[in-house]
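Participant: Submitted below is the structure of interest, expressed as structure tokens.
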Amino acid sequence: MRSLVSLAVSRVASLLAAALLALAFTGCAGLPTRDPVRMNVVGLEPIPGEGMEMRFRVKLRVQNPNDTSIDFDGVALELEVNDRSFATGVSDQKGSVPRFGETVVSVPVSVSALAAVRQALGLMDERAASRVPYVLHAKLGGPLFSGMRFTERGTLDLPALDKPAR
């Protein structure tokens with residue numbers, strides 16, 4: 001008799017767990033969809049560095065085209081130039097992007113001496129064009145499962161390098 005009771009309890013517990021799991025998945029599917037948030041680089045300022053590293057403050061404009069605000073707690077970014085990692089940075093800045101609004105977030109980034117030399121040599125290569133591709137990978141931190149990741153691609157227009165006459 002006791003084994004029948006424990007079997008019945010375990011079956012009820014299994015059914016309850018399955019029902020809760022199904023409700024959780026249906027609840028996630030029922031959440032309203034959000035338009036993608038935009039993040040653009042709008043400024044770059046030099047800041048003091050250590051040793052041979054270069055440091056900059058990257059200013060990012062975050063635009064929220066949705067009807068609810070977005071709270072964030074922390075920012076991380078990586079900047080690739082010419083398909084190579086160039087700069088990385090993090091900030092523990094907290095804030096909110098208002099509904100149908102925007103805010104500017106500042107993130108200090110570091111550029112290693114090796115990355116700077118690699119980029120300079122790449123730009124001096126005679127095959128290098130005046131348009132240099134970049135990719136910005138960024139993340140706005142938030143509560144569990146609500147951090148937002150972004151990728152922005154573009155090109156930097158550099159002045160043409162005059163080649164010395166031979």
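The values are calculated or read from the model by the stated rules, or taken from the named source; none is laboratory data. All values derive from a computational prediction rather than experimental measurement. Cβ placement follows ideal geometry from the backbone for every residue including glycine, while neighbour counts extend to all protein chains displayed.
Participant: Among what's in segment 77-105 and is of a type in the set (S, T, N, Q) and in contact (Cβ under 8 Å) with a residue 40 or more places away in the chain, pick the residue that is farthest from Phe150 (Cα to Cα).
Facilitator: Result: Asn82.
Participant: Is it the case, given these coordinates, that Pro48 is modelled with pLDDT of 90 or more and either crowded, with 16+ Cβ neighbours inside 10 Å or over 25 Å from Val37 (Cα atoms) (or both)?
Facilitator: Yes: the conditions hold for Pro48.
Participant: Quick one: which residue in Ala87, Ala76 is modelled with pLDDT of 85 or more and within 17 Å of Gly142 (Cβ to Cβ)?
Facilitator: After applying the criteria, what remains is Ala76.
Participant: Another one. Can you name every residue in segment 71-107 that is surrounded by 14 or more Cβ atoms within 10 Å (Cβ to Cβ), in a strand (DSSP E or B) and touching a helix residue (DSSP H, G or I) at 6+ places or on another chain (Cβ under 9 Å)?
Facilitator: Correct list: Val81, Ser85, Phe86, Ala87.
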